[in-house]
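Peer 1: Following this message is one structure expressed as structure tokens.
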Amino acid sequence: MSIRRPGYPANPEPALAVPVRPIGGSDLDYVRRTLADVAPSWTVELEGICVDEATLVLLPEDGDDANGPSFMISQENYLYRLDQVHWDAMTELGSFASIADLVIVLRIRLAGSTQTNDMAQYTIH
């Protein structure tokens, strides 16, 4: 005798993954606005030769590695990827379902790096 409830499949189908939308101008504006209070001197630029290859590049003032790492936001099929570039070494920081989730992590990273740089400027000898 079966103990399975009628009407419920034994192995439900997995949820479908939906590709993320390409990175564009609205994402650029969103990232600029949400990072302005944490890192006002940083620039955010939209780079790429086509919509499917677009990335957001975040650079510290003057693009100098001594001022902090650079960050890249790119699109994978189903996620947005955050990478850090510092002293010519690229480190993957994670993949996120939305730009909003990614920006939360980025704000924490930038808040830490700008505070570290500010403290270095005011060191008492």
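Peer 1: Residues of region 29-76 being out of contact with any Ser or Thr (no Cβ under 9 Å at 6 or more places or on another chain), among the aliphatic types (A, V, I, L, M) and surrounded by fewer than 18 Cβ atoms within 10 Å (Cβ to Cβ), which ones?
Peer 2: Once the filter is applied, which keeps residues that are out of contact with any Ser or Thr (no Cβ under 9 Å at 6 or more places or on another chain), among the aliphatic types (A, V, I, L, M) and surrounded by fewer than 18 Cβ atoms within 10 Å (Cβ to Cβ), region 29-76 yields A36, I49, V51, A66.
Peer 1: Still on this structure: Within the set of pairs 6+ apart or on separate chains, which have a first residue in region 68-89 that is without any contact (Cβ under 8 Å) to a residue 24 or more places away in the chain, a second that is of a type in the set (S, T, N, Q) and crowded, with 18+ Cβ neighbours inside 10 Å, and C-beta atoms under 6 Å apart?
Peer 2: These pairs meet every condition: R81/S74; V85/S70.
Peer 1: Could you list, in sequence order, all residues of region 28-54 that are part of a helix (DSSP H, G or I), farther than 19 Å from D64 by Cβ and not aromatic (F, W, Y)?
Peer 2: L28, D29, V31, R32, R33, T34, V51, D52, E53
Peer 1: Output the residue which, of all residues in region 77-110 that are modelled with pLDDT of 85 or more and over 12 Å from the mean Cα position of the chain (by Cα), is surrounded by the most Cβ atoms within 10 Å (Cβ to Cβ).
Peer 2: Looking at residues that are modelled with pLDDT of 85 or more and over 12 Å from the mean Cα position of the chain (by Cα), I get V85.
The values are calculated or read from the model by the stated rules, or taken from the named source; none is laboratory data. Predicted, not measured: the structure shown is a model, and the values here were computed from it. So basically every Cβ, Gly included, is an ideal-geometry build from the backbone, and we count neighbours across all protein chains shown.
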